[in-house]
């Protein structure tokens, strides 16, 4: 049974501007595991794309939960990881979470469906 659906879209340039101004953005948005992956990228554009994708994923997840961000869960408490096939995943006890992340040159978008 579907518990909730969430979708989020952001301009990658918006994330880039925030990233360039805020030193703590990575720690606020990314989990420890995501920070490790982020730091493995050598290309600045790929780092920003990754950050934008993870941000939209977490925003979509919070919408699917029906809680919104910051009310019951912080961005960096949500760990979006890739399974052995490269598919993005979020583990959330008691629920099955379906994640899709997509990028273009200018936008990052995510959709999350949560099943009970």
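The values are calculated or read from the model by the stated rules, or taken from the named source; none is laboratory data. All values reported here derive from a predicted model rather than from experimental measurement. Here the Cβ is made from the backbone with ideal geometry for all residues, glycine too, and neighbour counts use every protein chain on show.
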- Query: Taking the range 52-90 on its own, how many of its residues are surrounded by fewer than 16 Cβ atoms within 10 Å (Cβ to Cβ), touching a strand residue (DSSP E or B) at 6+ places or on another chain (Cβ under 7 Å), on the phi < 0 side of the Ramachandran plot and in contact (Cβ under 8 Å) with a residue 12 or more places away in the chain?
  - Reply: 1
- Selection from the range 1-42 of residues that are assigned to a loop (DSSP other than H, G, I, E, B) and either at pLDDT 95 or above or touching a strand residue (DSSP E or B) at 6+ places or on another chain (Cβ under 7 Å) (or both): 1, 30, 31, 41, 42
